[in-house]
1. Can you send over the carbon and sulfur percentage of the accessible area for the chain, probe radius 1.4 Å, protein chains only?
2. Net charge near GLU75, counting Lys/Arg +1 and Asp/Glu -1 over other residues with Cβ under 15 Å of its Cβ?
3. Treating the Cα atoms of the chain as identical point scatterers in vacuum, please give the log10 of the normalised Debye intensity I(q)/I(0) at q = 0.17 Å⁻¹, two decimals.
4. Using the Cα atoms of region 147-186, I'd like the radius of gyration and the largest Cα-Cα distance, Dmax, both in angstrom.
5. I'd like to check one number: the per residue accessible area of region 12-236, probe 1.4 Å, reported in Å² as a whole number.
6. I'd like to know which of PHE227, GLY53, CYS21 lies farthest towards the positive end of the charge dipole of the chain, counting +1 on Cβ of Lys and Arg and -1 on Cβ of Asp and Glu.
7. Alpha carbon centre of region 178-214 versus region 10-75: separation in Å?
8. Pop the C-beta distance of ASP90 and ASN10 into the FRET formula with R0 = 45 Å and round what comes out to the nearest 0.05.
Amino acid sequence: MSEFKVFPLNTREDIVRFERCFLSYLENHGGYAIQHISLLRTYDALQNTPDGGRIFSAILGISINLGLIWCDTAEMGRCINQVIQVDFADLSESEATQKSFELRMKLHHYSNAYIFRYRSLWDKIMGLFVLVLAPTEYEKFCSANSKKRFFAKIARNGAMLSYEIVEQIQSAIQKFDDMFRTAEAHGTGFLRKSSFVWTELETMDQLKLIDYWNLLNQIAHIIGELFDHHKRIIDEN
């Protein structure tokens, strides 16, 4: 029987192997291997740090989900381009119908995945900042009725994020919930109309989804720089 390949994360060598495979996956499925956060430098920076194991686990979850959102975004873009560019001239009516439906179903698949993964990722990011700034408050954050408010209270008293960025995060999450998540998670949903009915790019809700990447991208860089800076201080000492 062949040996199953597994990916434990117990040693520095495990992290090197995991990150190499992860970046290769992002390049293959997202077109480009984004690396806002270095898992290896984060691992090195957190050695002998209180709550280092918990913080690294949080960073790992953020990195994986950030990469998956990147892949979801790339797939949405590919589906949109295919819907626009596909040539049905040589297909029968039934073949053209099936081809068009499959493209739009894929578009809906990745759009829907983006919504839930994106919103979940913000909870993970807010949780990370609480864990770093006020680790004794983390369990309260996890059980809070409003994670946004709990995070804002902690973050405003810390030095990692400016008041303006905390406000931007609060506003972006609320707008995203109002526009996308609440309808898809608790209502009848409206994204499917954009997926299956749109005929002009200007009317596509998927393009609005992609716009929400910008703030997430900015915060991911802040997280990466935080631990890169920590690692440089350790190296200098």
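1. Details: 6900 of 13350 Å².
The computed percentage sits at 52.
2. Details: positive: ARG78, ARG104, LYS106, ARG117; negative: GLU27, ASP72, GLU102.
Net of charged neighbours comes to +1.
3. Debye intensities relative to I(0), on a log10 scale: -1.28.
4. Cα radius of gyration and Dmax of region 147-186 are 11.8, 36 Å respectively.
5. On the way: 11950 Å² over 225 residues.
On a per-residue basis, region 12-236 sits at 53 Å².
6. GLY53
7. 29 Å
8. On the way: r = 55 Å, r/R0 = 1.22.
Taking R0 as 45 Å, the efficiency between ASP90 and ASN10 is 0.25.
The values are calculated or read from the model by the stated rules, or taken from the named source; none is laboratory data. All figures in this text were calculated on a predicted structure; none of them were measured in a lab. Here the Cβ is made from the backbone with ideal geometry for all residues, glycine too, and neighbour counts use every protein chain on show. Accessible surface is based on the protein model in full, side chains and every heavy atom, while ligands, DNA and RNA are left aside. Shrake-Rupley method; radii C 1.70, N 1.55, O 1.52, S 1.80 Å.
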